[in-house]
Amino acid sequence: MTTRTRRRPALERVLATADRLFYESGLHATGVDLIAAEAGVSKASLYTYFQTKDDLIAEYLRRRSAQWQEHVHRELGAGTKSARTRILTVFDLLDEWFTEPNYRGCPFNNAEAECAPGSPAHQVNVAHRAWVHQLFRDLLAEAGVSNSDRVAIQLQLLYDGAMNNALAEPDVAWAQAAKTTADAVIAAELARA
């Protein structure tokens with residue numbers, strides 16, 4: 001027996017519109033009236049899918065996280081690349097993203113600046129950050145770095161810093177600078193082992 005997934009074109013329009021507007025203009029600057037109007041749905045319909053704007057924001061961030069995770073896993077692959085090469089590839093992926101014409105910074109960092117601690121968006125942000133940390137930690141351990149947790153924090157600082165700086169000064173090669181520094185940090189850790 002085949003399970004059918006019910007298509008909800010109105011919901012998809014709401015999510016696509018919210019994604020675009022939240023990322024372009026920010027969370028507080030984007031009202032549900034505008035999202036509903038641009039998605040071609042009534043405000044009442046929007047609220048049948050999401051009880052509050054906070055719920056819609058959290059779903060926007062969950063979808064962004066899932067898309068980024070899928071992209072990173074697809075691009076890294078397990079294949080023949082070493083763990084160290086895969087770590088550095090993460091910074092190459094950032095570099096590709098930074099050169100997109102609609103790059104407006106990290107959606108998670110941007111949302112965190114507008115959200116209250118404990119809000120649904122904050123919880124999604126914390127989960128996304130935990131995923132980034134775990135990705136680096138696992139790859140570092142695979143590369144033979146003994147204190148992979150501590151070094152993963154260092155790499156996460158480079159990752160976040162590159163994103164924030166790329167928004168402020170897009171003409172600087174922030175991701176490549178972060179990649180070079182990450183490689184030096186990994187080399188130093190491996191030399192210590």
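The values are calculated or read from the model by the stated rules, or taken from the named source; none is laboratory data. Given the structure is predicted, the values throughout are model-derived calculations rather than measurements. Neighbour counts are summed over all protein chains in view; Cβ atoms, including those assigned to glycine, are modelled from backbone coordinates with ideal geometry. Remember, those area values only see protein heavy atoms, side chains included, never the ligands or the DNA or RNA. Shrake-Rupley method; radii C 1.70, N 1.55, O 1.52, S 1.80 Å.
Observations on the model:
- A count restricted to the range 71-81 and to residues that are open to solvent by 80 Å² or more (accessible area, probe 1.4 Å) and over 12 Å from L93 (Cβ atoms) stands at 2.
- All positions within the range 32-65 that are open to solvent by less than 30 Å² (accessible area, probe 1.4 Å) and over 12 Å from A121 (Cβ atoms): V32, I35, A36, A39, V41, L46, F50
- Hey, E189 farther than 29 Å from R20 by Cα and open to solvent by less than 20 Å² (accessible area, probe 1.4 Å) or not: yes
- The range 106-121, residues that are of a type outside the set (A, V, I, L, M) and either open to solvent by less than 40 Å² (accessible area, probe 1.4 Å) or under 21 Å from A152 (Cβ atoms) (or both): C106, P107, F108, N109, E112, C115, S119
- Selected residue (only one of Y23, Y103 is buried (at least 18 other Cβ atoms within 10 Å of the Cβ), in contact (Cβ under 8 Å) with a residue 60 or more places away in the chain and over 27 Å from E142 (Cβ atoms)): Y23
- V14 vs. criteria at pLDDT 95 or above, assigned to a helix (DSSP H, G or I), open to solvent by less than 60 Å² (accessible area, probe 1.4 Å) and under 30 Å from L140 (Cα atoms): no
- Restricting attention to the range 142-185, the residues that are out of contact with any Asp or Glu (no Cβ under 6 Å at 6 or more places or on another chain) and without any contact (Cβ under 8 Å) to a residue 40 or more places away in the chain total 19.
- Annotation note: of G40, G77, G26, the sole residue that is at pLDDT 95 or above, of a type in the set (G, A, S) and within 24 Å of L157 (Cα to Cα) is G26.
- When D33 is tested against (1) under 25 Å from L11 (Cβ atoms); (2) touching a residue at least 12 places away in the same chain (Cβ under 8 Å), exactly one condition is not met: (2).
- The set of residues from the range 142-173 being of a type outside the set (A, V, I, L, M), part of a helix (DSSP H, G or I) and either on the phi > 0 side of the Ramachandran plot or open to solvent by 60 Å² or more (accessible area, probe 1.4 Å) (or both) comprises E142, D149, R150, Q154, N164.
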